[in-house]
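Presented below is the structure to which this report refers.
The values are calculated or read from the model by the stated rules, or taken from the named source; none is laboratory data. Just so it is clear, the structure is predicted and the values come from calculations on it, not from any experiment. Methodologically, a virtual Cβ is constructed for each residue, glycine included, from the backbone with ideal geometry; neighbour enumeration extends over all protein chains shown. Calculation scope for accessible area: heavy atoms of the full protein, side chains included, ligands and nucleic acids excluded. Shrake-Rupley method; radii C 1.70, N 1.55, O 1.52, S 1.80 Å.
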Amino acid sequence: MEVVAQIVSNQSKWNIFRGVKWLWTKNKPLTVGGGVVVAAFKIREVIKRRQRRLEWANAGRDVVILHGLGRGLYTPSVSPYVMKLATYLRMANIEHKMDFTEPLGPKGKSPWITINGQSMGDSQLIMDFLGSHFNKDFSSHLNDEQKAVAWSFAVMVDEHLAWTLKDWRWVRDGGRGVILGIGLRPSLLTWLPMMRMSWKQKGFMRAQGIGRHTHAEIESFARRNFRALSNYLGNKPFLMGDEPCEVDCSLFGCLVQIRYNYPGSPYTSLLEHDYPNLGAYVTRMKERLWPDWDDCLLIPNLHK
Ligand SMILES: N[C@@H](CCC(=O)N[C@@H](CS)C(=O)NCC(=O)O)C(=O)O
C-alpha cells in the first residue's frame, strides 16, 4: 500500500513540475510571483506546525493528544480507527485532547498520538502501548481461549470488516457519506478532492486484495462478518461479557460509522433490522462511554 501511495504522490509532484515548467515558458514574472506566494504559504505552514508541536509537547505529563481525521456532524470522527482509539481512551480513563489539525501521523495514517512529546501511529499499537504505560488491561479476566476469540474478532473487524465497508464508502458511494458526515454539501468543490481520495482508496483496496472482488462478493463477506458478530454477541451486553474490553473499541468504532455515516447503504438496515442486538450494542456502548456524545460533534448539540 505504501508503494501505491508513493506512486500517487510522485505522480502529482510530476504533474506540478510539468505545470510550472509550462507556465515558465509562457509567463516568467507570473511563475516567480506564484512561487513566492506558494513559498510564503509553505513557510507559514512550517511555523504553524512547529507551534502546534510545541503546544502538544507541553500538554502536560501523560496527557494524550489524539490526532484524528474528520470531526463529524453525526459522529465525533468519521474514521472507525479514530473512534476506536477515542473510545479506548475513555474506557481507560486516560486524560486526552482531540486534535483535527494534523490528521495523518508518522505512518501516514489516522489516528496517531502525541504523548510526552513523542509521536506514535496505529490504533492497535497505541492501545497496546497505553495499556502497559497506564497499567490498564480490560481483558485480564478472560481465559486464554476467550482472549484468542477477542483478538480474532478485533483483527476481523479492523483488517477485514473495515475493508469491506471501505468498498461502500469510497467506491459505491464515492465518498458522499463522508462529505455529508463532515458537514459539507456535495458540490464540485467537495467532489474533486473526494474523487481523488476515492481513487487513492481504490488503489489501497486493490493492493490489499479486497478491491479485486465484485461489490456483491465484498458485501457477502461483510454480511458474514455481521452474522458472526451478532451470533457471538448473542444476549451479552458487550462482546466478551458483562463489561466492555479492548475488542469492543474496534467493534464500536466500525459499527457506529454504519449507523451514522453510511446513509443509503445496505448495511444500515442490516444493523437495525437483521441484527438488532448489534444495533442495541452500539447504543449501549455510546451511552456507557460517550455520555457527552452531542458535545463532541462538529456542531455541538445540533441533533438534540
Ligand atoms: N491500521 C491503522 C489503519 C488506519 C487507517 O487506515 N486510517 C485511515 C482513516 S479511517 C486513514 O488514515 N486513511 C488515510 C489514507 O489512507 O490516506 C490503524 O489501526 O490505525
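With the condition kept exactly as written, say whether any residue in segment 216-226 is over 20 Å from Gln257 (Cα atoms) and either open to solvent by 20 Å² or more (accessible area, probe 1.4 Å) or assigned to a helix (DSSP H, G or I) (or both). There is at least one residue in segment 216-226 that is over 20 Å from Gln257 (Cα atoms) and either open to solvent by 20 Å² or more (accessible area, probe 1.4 Å) or assigned to a helix (DSSP H, G or I) (or both).
No other residue among Leu233, Leu271 is under 17 Å from Val157 (Cα atoms) and at pLDDT below 95 apart from Leu271. Screening Pro103 against (1) more than 10 Å from the ligand (Cβ to nearest atom); (2) within 21 Å of Val46 (Cα to Cα); (3) open to solvent by less than 70 Å² (accessible area, probe 1.4 Å); (4) under 15 Å from the mean Cα position of the chain (by Cα) leaves a single unmet condition, (1). Return yes when Ser110 is of a type outside the set (Val, Ile, Thr), within 17 Å of Asp248 (Cα to Cα) and in the same structural domain as Leu229 (by TED's automatic domain parsing) and no when it is not. Against the criterion (of a type outside the set (Val, Ile, Thr), within 17 Å of Asp248 (Cα to Cα) and in the same structural domain as Leu229 (by TED's automatic domain parsing)), Ser110 does not qualify.
The residue list Leu130, Leu161, Leu165, Leu142 contains one member that is in contact (Cβ under 8 Å) with a residue 60 or more places away in the chain, open to solvent by less than 20 Å² (accessible area, probe 1.4 Å) and in a loop (DSSP other than H, G, I, E, B), which is Leu142. When you scan segment 130-143, do you find a residue that is over 30 Å from Val20 (Cβ atoms) and either at pLDDT below 95 or within 16 Å of the ligand (Cβ to nearest atom) (or both), even just one? Looking through segment 130-143, at least one residue is over 30 Å from Val20 (Cβ atoms) and either at pLDDT below 95 or within 16 Å of the ligand (Cβ to nearest atom) (or both). Picking from residues in segment 144-158 that are aliphatic (A, V, I, L, M) and within 15 Å of the ligand (Cβ to nearest atom), the one that is farthest from Leu85 (Cα to Cα) is Met156. Do we find a residue being more than 26 Å from Thr283 (Cα to Cα), β-branched (Val, Ile, Thr) and within 16 Å of the ligand (Cβ to nearest atom) anywhere in segment 47-60? No.
Give me a count of the residues in segment 106-123 that are more than 10 Å from the ligand (Cβ to nearest atom) and either over 20 Å from Lys48 (Cα atoms) or in contact (Cβ under 8 Å) with a residue 12 or more places away in the chain (or both). Spell out the reasoning first.
First pass over segment 106-123, keeping only residues more than 10 Å from the ligand (Cβ to nearest atom): 106, 113-120.
Within this subset, residues satisfying the condition of being either over 20 Å from Lys48 (Cα atoms) or in contact (Cβ under 8 Å) with a residue 12 or more places away in the chain (or both) are 106, 113-117, 119-120.
Looking only at that region, the number is 8.
The number of residues in segment 173-198 being touching a residue at least 60 places away in the same chain (Cβ under 8 Å) and surrounded by fewer than 16 Cβ atoms within 10 Å (Cβ to Cβ) comes to 1.
In segment 201-215, what count of residues is obtained for those that are surrounded by 15 or more Cβ atoms within 10 Å (Cβ to Cβ) and within 15 Å of the ligand (Cβ to nearest atom)? Write out each step before concluding.
Going residue by residue through segment 201-215, those that are surrounded by 15 or more Cβ atoms within 10 Å (Cβ to Cβ) are 201-205, 207-208, 210-211, 213.
With the extra rule that they be within 15 Å of the ligand (Cβ to nearest atom), the set shrinks to 201-205, 207-208, 210-211.
Residues flagged as surrounded by 15 or more Cβ atoms within 10 Å (Cβ to Cβ) and within 15 Å of the ligand (Cβ to nearest atom) within segment 201-215 amount to 9.
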